[in-house]
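Colleague: What follows is a single structure, and I will ask about it in a moment.
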Amino acid sequence: MTDVLKQLADILEQRKYDASPESSYVASLHHKGLNKILEKVGEEATETIIAAKEAERSKDNKDVIYETADLWFHSLVMLSHLGESSDAILDELARRFNLSGLEEKASRGK
């Protein structure tokens, strides 16, 4: 799985710097700025929630998988825009192994 994320991260970085907004969706998002990227993340999160609710009813996960891929993609664009990569997220997830969710939440003081 990390190979796919690494390949995607490399493509996102390349398009961030080397593609024109007229020819690349990723470049156009970067050109429009963080607020537009966040708008897309929010839109995809909402679509993922709706698809998950429908999947539970229909027992067909095809749409929730598709929408989750869109959510992950736009989240990676957001991270790229902020100078981060999927590696930072994977490192954080790895840090949480052998740590209960309740312990992790308590460690944040929330």
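The values are calculated or read from the model by the stated rules, or taken from the named source; none is laboratory data. Computed from a predicted model, the values in this text were never measured in an experiment. Note: ideal-geometry Cβ built from the backbone for every residue, glycine included; neighbour counts use all protein chains shown. We work out accessible area using only protein heavy atoms, side chains counted, and drop any ligands, DNA or RNA first. Shrake-Rupley method; radii C 1.70, N 1.55, O 1.52, S 1.80 Å.
Colleague: Which one, LEU38, LEU29, LEU82, has the greatest fluctuation when you compute a Gaussian network model over the chain with C-alpha springs under 10 angstrom?
Modeller: Its mean-square fluctuation being the largest, the pick is LEU82.
Colleague: In addition: Sequence gap at least 6, Cα distance under 8 Å: using those rules, report the relative contact order of the chain to the nearest whole percent.
Modeller: It rounds to 23 percent for the chain.
Colleague: Then there is this: Could you identify which residue out of GLY33, GLY42, GLY83 has the top mean-square fluctuation in a GNM of the chain using Cα springs shorter than 10 Å?
Modeller: GLY83
Colleague: I need to check one value: relative contact order of the stretch 16-79, counting alpha carbon pairs closer than 8 Å and at least 6 residues apart, in percent.
Modeller: In percent, rounded to a whole number, it is 30.
Colleague: Any idea of the accessible area per residue across the stretch 1-86, 1.4 Å probe, to the nearest Å²?
Modeller: Per-residue value: 66 Å².
Colleague: Using only the Cα atoms, work out Rg/Rh for the stretch 41-89, with Rh taken as the Kirkwood radius, to two decimals.
Modeller: 1.10
Colleague: Next up: Return the subset of LYS6/LYS40; LYS16/LYS62; LYS16/LYS40; LYS32/LYS62 for which the Cα-Cα distance in this structure is over 28 Å, preserving the input order.
Modeller: Check vs 28 Å cut-off fails for LYS16/LYS62; LYS32/LYS62.
Colleague: Counting Lys and Arg as +1 and Asp and Glu as -1, each charge on the Cβ, what is the dipole of the stretch 20-110 about the Cα centre in debye, to the nearest 20?
Modeller: So the dipole magnitude of the stretch 20-110 works out to roughly 280 debye.
Colleague: Principal axis extents for the chain, Cα atoms only, whole Å, descending order, please.
Modeller: 45, 36, 28
Colleague: Next question, about the same structure. Roughly what would the spin-label model give for ASP63 and GLN7, points 7 Å off Cα along C-beta, in nm?
Modeller: Label at ASP63, label at GLN7, 2.9 nm between them.
Colleague: Roll a 1.4 Å probe over the protein heavy atoms and report the accessible area of PHE73 in Å², nearest 10.
Modeller: 50 Å²
Colleague: Please give the contour-minus-distance gain from LEU102 to LEU82: 0.36 nm per residue of separation, less the Cα-Cα distance, rounded to one decimal in nm.
Modeller: Using 0.36 nm per residue and subtracting the Cα-Cα distance, I get 4.3 nm.
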